[in-house]
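*Asks:* There's a structure below that I have some questions on.
The values are calculated or read from the model by the stated rules, or taken from the named source; none is laboratory data. Owing to the predicted nature of the structure, the values given are computational and were not obtained by experimental measurement. Because the Cβ atoms are built from the backbone with ideal geometry, glycine has one as well, and the counts that use them run over all protein chains shown. Ligands, DNA and RNA are stripped out before the accessible areas are found, and what is left, the full protein with its side chains, is counted by its heavy atoms. Shrake-Rupley method; radii C 1.70, N 1.55, O 1.52, S 1.80 Å.
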Amino acid sequence: MEEEPYFYHPLENIEDVELFEEAVERTHFTRSLSSERPYTYWTLELYDQDNGIRGGGGLGVLAADTRRIAEQVGIPFALITPFYPSETHQIMKNGQVHDEHIDVNYHDYGFRFIDNIHIKCCDNLCKLDVIEKRFKNTRIICITEPNFGELYSGMSGSDHRLYQEVSLGFGGYIALKLLGLKPAIMQLNEVATFFAALARLDELVSNGMDFYEAVVYTRKHTLYTNHTLVQAAEAEFNIEQFRRFVYPNLKSPAVRKWLDDKFMNGQLKLSSVTIEIAELRSGVSKLHARVANYHDIAGNKVKFKAITNGIDLEKWTLPEILSFYHEASIIDTFGFPDVDFTSHLGAITADKIRVFKAAGRKILNDTLSTRPDQNGKILHFGDNDFIFDFKRRFVDYKRPELPFKNPTKLREILEPRGAHYVIAGRVHTGDEIMAGKLRILLETVKQDDYLCDHVHYIADYDEKLAYGLSCGSNVAVNVPIVGLEACGTSWMKDIINLNLLISTHDGGVADASAENYLNVHGMTEDEELEELYRRMEEAISVWNNDFDLEFLLQKQLAAYLPVISGSRMLKDYLDFLFPL
Ligand SMILES: *Cc1c(COP(=O)(O)O)cnc(C)c1O
């Protein structure tokens, strides 16, 4: 079954010895990878607006960044995901957010139609389009059809979700064969992609491999990446749904029997079978890998290897700042921290920081020029304006409303500096609780004649806003309830673009010690709030003092550059998948 290892040299003309050694190392990682045997990455969500695919949050951004990094470092890589023919945008009307649905056509984004394939559901054949877009050594392969629906449409245990997941798994597996690709490794970005590994197991068994051998083989080549903390919160499917959507696509009775046995009282959580089919399992930060509470079917606690998420530094760093990092030997050509990078951080002077901030502010102003705030006002910030931002999904555990619990205090902090507070975050469709919290927040802001002009909510949070704010604002506020953030990547965009970070010690932030940024902690939410206000005051004074500003921004980078480098993340995955 195993083929001869294929020696792949991503870098062929290397003069530099150090680069050459790196290339040798990389050759080791990729010896089982080739353009016909790529690293395959399965995800229901991709956030890649340049390629016409809009995601919901961090899971999708991570997927897009992982492929981009593979492209930069020369890893043969195929990302398999749905192309959703419709997407939701949010607009503000009378101080409230409303959803708007927009049709998207893959032809507009350079995808090419490959062929039609079929999967079976509910006694019917469902016709799916396979489309593809290539980028050097990597590609995005999509499964789609006109009625595929939107990302996360319907409830998570619904028939439509199962249809989408089965289409991606079985359809995507057929698509790989159509394109002449064999997965060297299958990385499952969350359990919704379980059906891809199931399709592989089914194919091996129906081609005559002994069932247990096929399980061992599939397990050895499957990595399950978990982003969730509690298994109990996961939706279940029932056996009757599997009889309609899953079993018709299985050729092997043994595989079907194996699955059948995994149901408990007619219900199944996909995590339980994903754990069975993937020997390699990872969590997305040190803290998350430690606390994720998952059990296998035998009741044993599942161990997750900590591989903290990183971001694509080329995509997320202001070009001026990135060139500077390269020139100052802080980041190398492959997106890794330079070996001695900490000793070069002194090059980050307050003068430079202020020049970069002015350049970032231009980008922010550009982005905001088409996106009015809740009052219909187009914002334009001057170089001397001071901006706090909160930019992340508007979900409960991230506590977007926290600073607004004491509006008088908030005003006392902002007003002396004339500071602004910009909120960008999408309310999840159908999340009435958070839509209500946003309404109350905006109501609170409206009642105060300072806040109403200086607190801005920008609807339809997306990659552009995330980027504009990370390079154009001064301070980022990240206050998830400790223990609930798996990793978070928004704060990474801030660190790399020289924003001060105010944060609780959670997710990937907790990979380093709490002394490295403006930490918010407390035994109660009231204590945390007091601390948050103190940190906001401190942040304003830090920006007034060149020495403090350099010191803190250098310290943030010293502690977190190795964490946030996406190249480091991909290398960690490769080390884990192909140990020396
Ligand atoms: C970076 C980014 C995210 C991820 O945010 P988290 O901090 O990981 O929750 C979500 N949405 C958009 C648009 C982003 O750019």
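*Asks:* Filter region 55-74 for residues that are more than 23 Å from residue 130 (Cα to Cα) and outside any helix (DSSP H, G or I); which is nearest to the ligand (Cβ to nearest atom)?
*Replies:* Residue satisfying both the conditions and the ranking: 57.
*Asks:* For residues that are closer than 15 Å to residue 53 by Cα and buried (at least 21 other Cβ atoms within 10 Å of the Cβ), tally how many sit in region 151-167.
*Replies:* 1
*Asks:* In addition: Need the failing condition index for residue 491 against (1) over 27 Å from residue 523 (Cβ atoms); (2) open to solvent by less than 30 Å² (accessible area, probe 1.4 Å); (3) touching a strand residue (DSSP E or B) at 6+ places or on another chain (Cβ under 9 Å); (4) without any contact (Cβ under 8 Å) to a residue 60 or more places away in the chain, just the number.
*Replies:* Just one mismatch for residue 491, condition (1).
*Asks:* How many residues are within 16 Å of the ligand (Cβ to nearest atom) and outside any loop (DSSP other than H, G, I, E, B) if we restrict to region 389-425?
*Replies:* Final tally of qualifying residues: 10.
*Asks:* Cβ-Cβ distance below 6 Å, separation of 6 or more or different chains: which pairs start in region 38-58 with a residue that is aliphatic (A, V, I, L, M) and end on one that is assigned to a helix (DSSP H, G or I)?
*Replies:* Pairs that qualify, where the first residue is aliphatic (A, V, I, L, M) and the partner is assigned to a helix (DSSP H, G or I), are 44/192; 46/60; 46/63; 46/64.
*Asks:* Next question. Tally time: how many residues in region 236-278 are open to solvent by less than 10 Å² (accessible area, probe 1.4 Å) and among the acidic types (Asp, Glu)?
*Replies:* Total satisfying the criteria: 0.
*Asks:* If you don't mind, there's one more thing I want to ask. From 367, 342, which residue is open to solvent by less than 30 Å² (accessible area, probe 1.4 Å) and polar (S, T, N, Q)? Let's see the steps before the verdict.
*Replies:* On the way: 342 fails: open to solvent by less than 30 Å² (accessible area, probe 1.4 Å).
Result: 367 is the single residue among 367, 342 that is open to solvent by less than 30 Å² (accessible area, probe 1.4 Å) and polar (S, T, N, Q).
*Asks:* Also, quick follow-up: Answer yes if at least one residue in region 73-81 is closer than 26 Å to residue 464 by Cβ, open to solvent by 10 Å² or more (accessible area, probe 1.4 Å) and either in contact with a Pro (Cβ under 6 Å, 6 or more places away or on another chain) or at pLDDT below 95 (or both), and no otherwise.
*Replies:* Within region 73-81, the first condition is being closer than 26 Å to residue 464 by Cβ, and the residues that meet it are 73, 77, 79-81.
If we keep only those that are open to solvent by 10 Å² or more (accessible area, probe 1.4 Å) as well, we get 73.
This time we only want the ones that are either in contact with a Pro (Cβ under 6 Å, 6 or more places away or on another chain) or at pLDDT below 95 (or both), so: 73.
Looking through region 73-81, at least one residue is closer than 26 Å to residue 464 by Cβ, open to solvent by 10 Å² or more (accessible area, probe 1.4 Å) and either in contact with a Pro (Cβ under 6 Å, 6 or more places away or on another chain) or at pLDDT below 95 (or both).
*Asks:* So, one more: Which residues, taken from region 426-446, are touching a helix residue (DSSP H, G or I) at 6+ places or on another chain (Cβ under 6 Å) and either small (Gly, Ala, Ser) or away from the ligand (no atom under 15 Å from the Cβ) (or both)? Lay out the reasoning, then the answer.
*Replies:* Step one: filter region 426-446 for residues touching a helix residue (DSSP H, G or I) at 6+ places or on another chain (Cβ under 6 Å), giving 427, 441, 444-446.
Matches in region 426-446: 441, 444, 445, 446.
*Asks:* I'm trying to understand the selection: among the residues of region 430-442, which are open to solvent by 10 Å² or more (accessible area, probe 1.4 Å) and either touching a Gly at 6+ places or on another chain (Cβ under 7 Å) or touching a residue at least 12 places away in the same chain (Cβ under 8 Å) (or both)? Outline the logic, then answer.
*Replies:* Of region 430-442, the ones open to solvent by 10 Å² or more (accessible area, probe 1.4 Å) are 430-433, 435-437, 439-440, 442.
Once the filter is applied, which keeps residues that are open to solvent by 10 Å² or more (accessible area, probe 1.4 Å) and either touching a Gly at 6+ places or on another chain (Cβ under 7 Å) or touching a residue at least 12 places away in the same chain (Cβ under 8 Å) (or both), region 430-442 yields 431, 433, 435, 437, 439, 440, 442.
*Asks:* Based on this model, can you work out whether residue 335 counts as in contact with a strand residue (DSSP E or B) (Cβ under 7 Å, 6 or more places away or on another chain) and not assigned by TED's automatic domain parsing to the domain that holds residue 229? Give the steps one after another, and end with the answer.
*Replies:* Numbers: in contact with a strand residue (DSSP E or B) (Cβ under 7 Å, 6 or more places away or on another chain): yes; not assigned by TED's automatic domain parsing to the domain that holds residue 229: yes.
Yes, satisfied.
*Asks:* Determine, yes or no, whether residue 449 is outside any helix (DSSP H, G or I), more than 15 Å from the ligand (Cβ to nearest atom) and open to solvent by 10 Å² or more (accessible area, probe 1.4 Å). Outline the logic, then answer.
*Replies:* Numbers: outside any helix (DSSP H, G or I): yes; more than 15 Å from the ligand (Cβ to nearest atom): yes; open to solvent by 10 Å² or more (accessible area, probe 1.4 Å): yes.
So residue 449 passes the test.
*Asks:* Let me ask something additional. Checking the conditions here, which among 504, 524 is among the hydroxyl-bearing types (Ser, Thr, Tyr) and without any contact (Cβ under 8 Å) to a residue 12 or more places away in the chain? Show your work before the answer.
*Replies:* On the way: 504 fails: without any contact (Cβ under 8 Å) to a residue 12 or more places away in the chain.
Exactly one of 504, 524 is among the hydroxyl-bearing types (Ser, Thr, Tyr) and without any contact (Cβ under 8 Å) to a residue 12 or more places away in the chain, namely 524.
*Asks:* Same structure, new question: Listed residues 357, 352; which is assigned to a helix (DSSP H, G or I) and either open to solvent by less than 50 Å² (accessible area, probe 1.4 Å) or within 16 Å of the ligand (Cβ to nearest atom) (or both)? Talk me through it step by step, then tell me what you get.
*Replies:* Values: 352 fails: either open to solvent by less than 50 Å² (accessible area, probe 1.4 Å) or within 16 Å of the ligand (Cβ to nearest atom) (or both).
After ruling out the rest, the residue left standing is 357.
*Asks:* Can you spot a residue in region 457-472 that is away from the ligand (no atom under 15 Å from the Cβ) and either within 21 Å of residue 322 (Cα to Cα) or hydrophobic (A, V, I, L, M, F, W, C) (or both)?
*Replies:* There is no residue in region 457-472 that is away from the ligand (no atom under 15 Å from the Cβ) and either within 21 Å of residue 322 (Cα to Cα) or hydrophobic (A, V, I, L, M, F, W, C) (or both).
*Asks:* Assuming residue 477 fulfils every condition listed in (1) at pLDDT 95 or above; (2) more than 11 Å from the ligand (Cβ to nearest atom); (3) open to solvent by 10 Å² or more (accessible area, probe 1.4 Å) apart from one, which condition is it?
*Replies:* Single failed check for residue 477: (3).
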